[in-house]
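Below is one structure, written out as structure tokens; the observations come after it.
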Amino acid sequence: MSEVLLWVVGILAAAIGVALSIALHEVGHLLPAKKFGVKVTQYMVGFGPTLWSRRRGETEYGVKAIPLGGYVRMIGMFPPGPDGQVRASSTGRWALMAEEARAASFVEVGPGEEHRTFYRRPVWQRIVIMFGGPFVNLVLALVLTAVAASAIGQPGYVPTLSAVSQCVQPAGSTATGCSADDPVAPGAAAGLRPGDEIVEFDGEPVQDWNSLSADIREHGGVPVDLVVERDGQRVPLTVTPILTEREALDEDGVATGGTREVGFLGVSPSIAVVRLPLTEVPSVVGEQVASVAGIVVRLPERLYDVAQAAFGSAERDPDGPIGVVGIGRLAGELNAQPAIIPGDELAERTSRLVSLLAGLNVALFVFNMVPLLPFDGGHIAGALWEVVKKGVFRLRRRPDPGPVDVAKAMPLAYGVSIVLVGMSVLLLYADIVRPVTLNQ
């Protein structure tokens, strides 16, 4: 298959995956809303002009032209004002925004349907309805990660030796062979051979190459018993990793730029399909959630960096925010990358794309949980504040204050929406003129 065709397939797969993720997010709102009796008038994927729609019962289902989100329209999202009115009557700019939003949410409330409005649902039901969308994305992230990392597997290093160095050379050496002055590498001296699988190190089972590599680095100058599997038999050996200057690594195995004395055996791992235990999938997704949350917390700084890259000479941060165009480009590039392990290119490419979609669903979950309107987290925050407020009033033996008027936050919601539009435009431009690529 040609590289261009692989790019197109990757982009189409990402586009379909994004659309399905958004559609299922909205289903997460739709189903509990209908279950709890809230009238849902529209279920739409996308924004802008309607491309296709069909009415089933009281709900119109459709697809719109701009595939940058979706929505479920429920009647009575905001409660009436303090005077019990829903029509806009204030002349104040900020109050008018709230009243217009409140009035719009009651336009489709028909006679005798007041009991089917969103705001009349108990707090826990409102939270379930609004959390339903992000929860679906979180479940999708878990399922897709399990498929990519546990069912299909991904290329990774395994403790089966692909090479055993015959000598020890200084860090940074460009020599292509051993000289008479180079000391014998401890792995070769102990009798290790290419093809050996190290199954025990210092009396402990070897779980993976990363943990084995860390153990070797920490046992410099110390004799260690290890067991290898060779030709179907277990062979015990004793090695003494020598202390030598090597790149310093952080806890994640990433080079820090400096050097330090660490244990060295002179062996190299093999690359094979590595399948993650299902029990580790939640922790992997949890780390992704924490990483995306960190980006959200530092979003102004990250967007400034994107602008510096887009309009200046700064490098684009591969771990920073990217837009839908960037996601599509990465998907095409991922699918066109040569397979690391020959013989199963389809599985490897599928795993890459599924992992990308898992990460996208993590981002959808985190962003929608931001406790500001128009995000789902804004409505959840309003419902939780209502619980607190009613509890305080109850303790003070005061009358029930009624539902929290989330409509008062609409001026802030409009501001957030403007920022989101600006962010989308910036990311669109940056993804075109200074895209994130796999070869950065």
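The values are calculated or read from the model by the stated rules, or taken from the named source; none is laboratory data. Quick caveat: nothing in here was measured; it's all calculated off a predicted structure. Reconstructed Cβ throughout: ideal geometry from the backbone, glycine too, with neighbour counts over all protein chains shown.
Structure values in brief
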quantity: Selection count where residues are outside any loop (DSSP other than H, G, I, E, B) and crowded, with 19+ Cβ neighbours inside 10 Å, scope region 108-126; calculated: 4
quantity: Residue count, region 3-39 (criterion: closer than 18 Å to G76 by Cα and among the hydroxyl-bearing types (S, T, Y)); calculated: 0
quantity: Residues of region 174-198 that turn out to be exposed (fewer than 14 other Cβ atoms within 10 Å of the Cβ) and at pLDDT below 85, as a count; calculated: 8
quantity: Which listed residue is touching a Lys or Arg at 6+ places or on another chain (Cβ under 6 Å), modelled with pLDDT under 90 and outside any helix (DSSP H, G or I), from V404, V436; calculated: V436
quantity: Selection from region 177-209 of residues that are of a type in the set (V, I, T) and in a strand (DSSP E or B); calculated: V184, I198, V199
quantity: In region 277-323, the residues that are basic (K, R) and not in a helix (DSSP H, G or I); calculated: R298, R316
quantity: Some residue of region 338-359 being of a type in the set (A, V, I, L, M), outside any helix (DSSP H, G or I), over 17 Å from the mean Cα position of the chain (by Cα) and over 24 Å from A149 (Cβ atoms); calculated: no
quantity: Condition broken by R275, with the remaining ones in (1) under 18 Å from the mean Cα position of the chain (by Cα); (2) at pLDDT 85 or above satisfied; calculated: (1)
quantity: Residue identified as over 24 Å from I340 (Cβ atoms), within 36 Å of the chain's Cα centre (by Cα) and outside any loop (DSSP other than H, G, I, E, B) among L212, L142; calculated: L142
quantity: Test: residue in region 393-411 that is touching a residue at least 40 places away in the same chain (Cβ under 8 Å), in the same structural domain as D317 (by TED's automatic domain parsing) and within 26 Å of the chain's Cα centre (by Cα); calculated: no
quantity: Scope region 341-378; condition of a type in the set (V, I, T), over 30 Å from I418 (Cβ atoms) and modelled with pLDDT of 90 or more; matching residues; calculated: V354
